[in-house]
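To start, the structure under review is shown below, and the notes come after it.
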2 protein chains.
Amino acid sequence: MKFNKVLDNCKIYEAGKPIELVVREYGVDTKDIVKLASNENPYGTSPKVTKKIQDISKNMFMYPDDSMYELKEALANKFKVTSENIVIGAGSDQVIDFLVKAKCDENSKILMSKTTFAMYEIYGRQAGAEILRTPDDQHNLEQFEAMYKEHGADMIFLCLPNNPLGECLDTKDVYEFLEKIDSETLVVVDGAYQEYAAFKDSKKRIDPADLINKFPNTVYLGTFSKAYALGGMRTGYGIGQVDIIKTMYKLRPPFNISTLSLAAAIEALKDEEFVNECIKLNFDEMKRYEEYALNKGFSYIDSYTNFITLKFEDKYISKEVAQNLLERGIIIRDLTSYGVNAIRITIGSEEQNTKVFKVLDEVLDELKK
Amino acid sequence: MKFNKVLDNCKIYEAGKPIELVVREYGVDTKDIVKLASNENPYGTSPKVTKKIQDISKNMFMYPDDSMYELKEALANKFKVTSENIVIGAGSDQVIDFLVKAKCDENSKILMSKTTFAMYEIYGRQAGAEILRTPDDQHNLEQFEAMYKEHGADMIFLCLPNNPLGECLDTKDVYEFLEKIDSETLVVVDGAYQEYAAFKDSKKRIDPADLINKFPNTVYLGTFSKAYALGGMRTGYGIGQVDIIKTMYKLRPPFNISTLSLAAAIEALKDEEFVNECIKLNFDEMKRYEEYALNKGFSYIDSYTNFITLKFEDKYISKEVAQNLLERGIIIRDLTSYGVNAIRITIGSEEQNTKVFKVLDEVLDELKK
């Protein structure tokens, strides 16, 4: 059967390998597997959220409140905006989809960093848009500006901090850049890991209300998947001016998050203490990775997230390292498909990280031979 | 900001009013509200599924197995197809989105019944397609055939049984119709309520494997939202030939259902006894509505689903009936926006239905004055 020709040019997202697959393919026992490939919160979901879900689990037969009144009120209160500034997505991922489909068609251009979140391009291609990437791996605003001047763009994606590399621009520099962007260009500031960046360095902190008030052509994206420890529940949000958010509602399907996801997100917002504790532990453990890399003589990218990128340069081939780790039950992310000879490791719990170092020692020793 | 011009022509889905809204707007106590507007299973979720979700609720921080291996294997086994014939959606709703976006653009035509599931048109308009509707409210295959001959169509939707009216075509007639459709026209057979239809009358039963083997240009849609009592968990599926399903994967976002939704669906498939019991109770209770309508002197549409459509003709105005019920805490669906002077009521539990009859008596008495 013939399909829309735009699909010929589409790409498929490569998900982190699930534990079930490693059990099936390599016969590793489930309990021995360490999965640090998808930037999940290694401290699990807040016990208060888990309790809430157990209490209401019999409500699965009921559709959620599609107005998402309570969740939007809670987010509006947290970010000092109104409910009308908020759209909820099945992950911030889905808000990206709404934004791209609302703004772009086959005549559009989307500007992004060379190595950044894969879904920007995937949704862009689905809309038939042309993808423009700055030359450096990491975000470089001079390059963004130069390419914007040369080619123009209907949309710009800034991932702050950036996934999968972990670097983060200073907010001051981002604002200076945004001053130069036309009000008809939609700029998406993806703050999926903002809670981590804001904790580590206040210069990286983005205040969504301030952002969208100063720059009405921007939309801020947030998620419950990372610091809020609800990666499996697919809940994120976009914050923008009312005209943009209203337009998103034309594309939002009804009931786009589940009854339990909605309840979990509402409850998670009430337990900021848990979130802050997780973030603190994250950066304590991250130091061990930095030391490990230095000891082994390879480099890492200074990270403002819950993962770290280890760069092998000419010492090892990241694909081989990742495969060898996988066969031993350690699931991390090889960045070869992003054009970088590096691996991205989610910062795990103390016990998980200790195991990673032990197995990585073995793998690197073997690959050296 | 300027957006894609196709959005000017988009429609927004009108969701059934949630209980929270009736509490907020009419001050009715939560426990007094009877919500029979969204065709949820009134017997709640299977206790086995609820138990499973309680057991794994601490896993909310983890992304689901994006291959959905276990769920697809279970469905493949149930329907005697292979995993490669199956795509999972966030509700069968999302599979409709994939199918429309894969097949249609601004030059496409989509043929459907006058009064049928609203999302077909909503997704169709998002793709910029022209919507063609047969003149009768209920599915009429002669009209489908005549319009297909006259206008052609890239896609055809058959809702079997039909939401929101409840009628269902005989499978034999559907097959005869499909013989006349070009192999390049994608025909979607939406079986969201098939479990009910197959129970009531075997002539309405559709076997997805038989359907897609006889007609490789068809896709069968199923859902866990109705008979499987997981309306809030947003899990549905499409069954089709491998070439079509492969194409859907180009549009499927990663992790499109939540960790708990995936587990709930897998568990629900193991408890068919619960499903069968719910369906039996549904038709026992439906008889009470049929009798009620006859006693009151208005008609109903013979229903093969878990809801019934009461037609008021010139006796009452459905919008007024619905509003009066709402203010008394009974949430049902007014079909005015579908162009019919009728209300759709989900068949509730015995207790819920008794309350509906009592309050409906009051409302109809009052409106008669």
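Derivation of every value follows stated rules applied to the coordinates shown; laboratory data play no part. Given the structure is predicted, the values throughout are model-derived calculations rather than measurements. Positions of Cβ are generated from backbone atoms using ideal geometry, with glycine treated the same way; all protein chains shown enter the neighbour counts.
With a 10 Å cut-off between alpha carbons and a GNM built on chain A, which of A:Pro161, A:Pro216, A:Pro253 moves the most?
Sorting by GNM fluctuation, first place goes to A:Pro253.
How do A:Thr185, A:Thr336, A:Thr305 rank when sorted from fewest to most other Cβ atoms within 10 Å of their own Cβ? Intermediate values should be presented prior to the final figure.
On the way: A:Thr185 19, A:Thr336 15, A:Thr305 30.
By the 10 Å Cβ count, ascending, the order reads A:Thr336, A:Thr185, A:Thr305.
Test of understanding: ordering A:Leu269, B:Leu111 by Cβ neighbours within 10 Å, fewest first, what list do you get?
On the way: A:Leu269 18, B:Leu111 25.
Final ranking by Cβ density, sparse to dense: A:Leu269, B:Leu111.
Which entries in the list A:Lys58/B:Lys58; A:Lys5/A:Lys246; A:Lys17/A:Lys52; A:Lys5/A:Lys250 go over 22 Å, if you measure between the two C-alpha atoms of each?
Values: A:Lys58/B:Lys58 16 Å; A:Lys5/A:Lys246 30 Å; A:Lys17/A:Lys52 29 Å; A:Lys5/A:Lys250 24 Å.
From A:Lys58/B:Lys58; A:Lys5/A:Lys246; A:Lys17/A:Lys52; A:Lys5/A:Lys250, over 22 Å: A:Lys5/A:Lys246; A:Lys17/A:Lys52; A:Lys5/A:Lys250.
Taking A:Lys355 as the anchor, which lysines have their alpha carbon closer than 18 Å to its alpha carbon, excluding any fewer than eight residues away along the same chain?
Filter leaves A:Lys31, A:Lys35, A:Lys287, A:Lys296.
Which lysines have a Cα less than 19 Å from the Cα of B:Lys114, not counting those fewer than 8 places away in the same chain?
B:Lys11, B:Lys149, B:Lys311
For chain B, modelled as a Gaussian network with Cα springs under 10 Å, which listed residue fluctuates most, B:Gln94, B:Gln194, B:Gln352?
Maximum among the listed residues: B:Gln352.
Most exposed first by the Cβ proxy, i.e. fewest other Cβ within 10 Å, how do B:Arg24, B:Arg125 rank? If you can, show how the numbers build up before the last one.
Values: B:Arg24 12, B:Arg125 20.
Ascending number of Cβ neighbours within 10 Å: B:Arg24, B:Arg125.
Between A:Glu70, A:Glu130, A:Glu14, which gets the highest mean-square fluctuation from a Gaussian network model of chain A, Cα cutoff 10 Å?
A:Glu14
Dividing the alpha-carbon Rg of the protein assembly as shown by 2.2 N^0.38 Å yields what? Show your work: numbers first, answer last.
Values: Rg = 26.3 Å, N = 738, 2.2 N^0.38 = 27.1 Å.
Ratio of Rg to 2.2 N^0.38 Å for the protein assembly as shown: 0.97.
Restricting things to alpha carbons, tell me how big the stretch A:47-271 is in terms of Rg and Dmax, in Å.
Answer for the stretch A:47-271, Rg first and Dmax second: 17.2, 56 Å.
Under the rule of -39500 (n - 2.57) per DSSP H run of 4 or more residues, summed and divided by the residues of the protein assembly as shown, what mean residue ellipticity at 222 nm is obtained, to the nearest 500 deg cm²/dmol? Mind dumping the intermediate values first?
Details: 28 runs with 311 residues, N = 738.
Taken over the protein assembly as shown, the calculation gives -13000 deg cm²/dmol.
Could you name the lysines whose alpha carbon sits less than 18 Å from that of B:Lys214, not counting residues in the same chain fewer than 8 places away?
Once the sequence-local lysines are set aside, what remains near B:Lys214 is B:Lys80, B:Lys172, B:Lys180, B:Lys203, B:Lys204.
Once the other residues with Cβ under 12 Å from the Cβ of A:Ala102 are scored (Lys, Arg +1; Asp, Glu -1), what is the net sum?
Details: positive: A:Lys101, A:Lys103, A:Lys246, A:Lys250, A:Arg252, B:Lys2, B:Lys5; negative: A:Asp97, A:Asp105, A:Asp154, A:Asp243, B:Asp8.
Once positives and negatives cancel, what remains is +2.
Assign one of three labels to the stretch A:167-280, namely rounded, prolate or oblate, based on the Cα gyration tensor with a ≥ b ≥ c the square roots of its eigenvalues; rounded applies when a/c is under 1.5, prolate when it is not and a/b is larger than b/c, and oblate otherwise.
In terms of gyration-tensor shape, oblate.
What translational diffusion coefficient, to the nearest whole µm²/s, does the stretch B:23-133 have by Stokes-Einstein, given a Kirkwood radius computed over alpha-carbon pairs, a temperature of 37 °C and 0.692 mPa s viscosity?
Working: Rh = 18.2 Å.
Translational D for this selection: 181 µm²/s.
List every DSSP H helix in chain A whose Cα atoms extend 20 Å or more along the helix's own long axis and whose mean Kyte-Doolittle hydropathy is at least 0.0. Let's see the in-between values first.
Values: long enough: A:272-296 (36 Å, -1.03); A:350-368 (27 Å, -0.72).
The answer is none, since no helix passes both cut-offs.
Once Rh for the stretch B:229-368 is found with the Kirkwood sum over Cα pairs, what is the Stokes-Einstein diffusion coefficient at 10 °C and 1.306 mPa s, in µm²/s?
On the way: Rh = 17.8 Å.
Answer from the Stokes-Einstein relation: 89 µm²/s.
Output the relative contact order of chain A, whole-number percent, from Cα pairs under 8 angstrom with separation of 6+ residues.
Dividing the mean separation by the residue count of chain A yields 23 percent.
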